[in-house]
Amino acid sequence: MSLHKDALRDHACLIVHGPDQPGLVAAVTALITRNKANIVTLDQYSDNPEGGAFFQRVVFHRPDLAAAIGDIEADLAQTLEPYGMQWRLTDQSVPKRMAILASTSDHCLLELLWRHRRGELNVTIPMVISNHTNTAEDVRSFGIPFFHVPSQGPDKSEAEREIVKLLAGNVDFVVLARYMQILTDDFLEGVGVPVINIHHSFLPAFIGAGPYKKAKERGVKLIGATSHYVTKDLDEGPIIEQDVARVDHSMTAADLQARGAYVERAVLSRAVQWHAEDRVIRHGNHTIVFT
């Protein structure tokens, strides 16, 4: 469950990960105590207590957090350096800036905009960028700026440069809401922030166009969706969330696609929420998600 924005005031989230070793939990909790803060939630995981990796997420409340956060960060650096740990500290009252890239399909896009308007996603949305214009009116009805950046032909470099220019310095992460373009390595490097994607979970069985038609022809009984971080290896980045739904022989390819769209909306929304709330820790090519 996400917290109401007013409830996030003076709340910080601390993420710690690195080599597992004795004393880590005690060091972190003592640090929070001496900085006059109170722990709200604490989650931790070790993949092997003998030489494995340690992961921790702590949400704490500290009155006048904005004034104290610099001192807390300095204390963290000094305290965790001997342990060789990586860490990040975020003020939970400051929503992350999320840009959305979309194409003609609108189901994931509108789901995110609707959840944002309802206050279910602790983000701001500075812009939606699409290579088509069919969603422009819907996006603007939510009070969100819409930018049309056409992307035609095999050379996408001009479109990618324009998108990077729009995003630069304005966003903390990007969501591909069924953005049907392959992103280049140069684009990912130029954006420089996490990028989250959503796609059906037929890969690699039904790759390419018409996956639901192919699935119908094969008589599949389960369809699903996967949300993951985008890396240079297409559709192989660390997975954040997945889900499935049962289907049967009586359903048409269109029925399968409608059911798949429903799952895609839910999976992407959860992935975005968890990322926005600092619940996801990337470790190699997989994730630890504290839900």
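The values are calculated or read from the model by the stated rules, or taken from the named source; none is laboratory data. These numbers come from a predicted model, not from an experiment. All Cβ positions, glycine included, derive from the backbone under ideal geometry; neighbour counts span all protein chains shown. Calculation scope for accessible area: heavy atoms of the full protein, side chains included, ligands and nucleic acids excluded. Shrake-Rupley method; radii C 1.70, N 1.55, O 1.52, S 1.80 Å.
Laid out as a table, the results:
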{"item": "Spacing of the two label points (7 Å from each Cα toward its C-beta) at Asn38 and Arg161, in nm", "result": "5.6"}
{"item": "Rounded tilt (10° steps) of 24-34 against the dominant C-alpha axis of the chain", "result": "70"}
{"item": "Signed unit charges on C-beta, dipole axis of the range 40-195, positive-most listed residue Thr133, Pro63, Gln181", "result": "Thr133"}
{"item": "Option label - percent of Cα pairs over 37 Å apart computed here, alternatives [x] 21; [y] 27; [z] 11", "result": "[x]"}
{"item": "Charged-residue dipole, Cβ positions (Lys, Arg, Asp, Glu), the range 186-291 about Cα centre, Debye nearest 20", "result": "440"}
{"item": "Largest to smallest accessible area among Thr184, Thr79 [probe 1.4 Å]", "result": "Thr184, Thr79"}
{"item": "Extreme residue, positive dipole direction of the chain, given options Met98, Gly51, Asn285 (C-beta unit charges)", "result": "Met98"}
{"item": "Within the range 1-120: Cβ-based charge dipole about Cα centre, in debye rounded to nearest 20 (Lys, Arg +1; Asp, Glu -1)", "result": "460"}
{"item": "Proximal aspartates and glutamates relative to Lys36, as straight alpha-carbon distance under 17 Å, when same-chain residues fewer than 8 apart are discounted", "result": "Asp10, Asp64, Asp71, Glu73, Asp75, Asp91"}
{"item": "Helix-only CD estimate at 222 nm, as mean residue ellipticity for the chain, using -39500 (n - 2.57) per DSSP H run (n ≥ 4)", "result": "-10000 deg cm²/dmol"}
{"item": "List Lys214, Lys221, ordered by accessible area with a 1.4 Å probe, largest first", "result": "Lys221, Lys214"}
{"item": "Cross-link pairs beyond the 30 Å C-alpha cut-off, checked among Lys156/Lys216; Lys96/Lys156; Lys96/Lys165; Lys156/Lys221", "result": "Lys156/Lys216; Lys156/Lys221"}
{"item": "Span from the the range 145-167 Cα centroid across to the the range 203-279 one, whole angstrom", "result": "26"}
{"item": "Placed amide H near Thr287: partners under 5 Å, 5+ positions off or other chain", "result": "Ile239"}
{"item": "Portion, in percent, of the accessible area of the chain that falls on carbon or sulfur, probe 1.4 Å", "result": "51"}
{"item": "Lys, Arg +1 and Asp, Glu -1 on Cβ, resulting dipole of the range 93-212 about Cα centre, debye, nearest 20", "result": "400"}
{"item": "Dimensionless Rg/Rh of the range 1-157 - Kirkwood Rh, Rg from C-alpha atoms", "result": "1.11"}
{"item": "Listed residues Thr252, Gln242, Ile198: farthest to the positive end of the dipole of the range 188-291 (Cβ charges)", "result": "Thr252"}
{"item": "Accessible area per residue, Å², the range 159-280 with all protein chains present, probe 1.4 Å", "result": "48"}
{"item": "Relative contact order for the chain, counting Cα pairs under 8 Å that sit 6 or more residues apart, in percent", "result": "16"}
{"item": "Highest average packing first - 124-130, 59-65, Cβ atoms within 10 Å", "result": "124-130, 59-65"}
{"item": "Nearest-0.05 FRET efficiency for Asp47 and Val94, computed from C-beta distance (R0 41 Å)", "result": "0.85"}
{"item": "Under 5 Å, built H, 5+ apart or other chain: amide partners of Phe54", "result": "Gly18, Asp20"}
{"item": "Whether the range 78-123 is rounded, prolate or oblate, judged on the alpha carbon gyration tensor where a/c under 1.5 counts as rounded", "result": "prolate"}
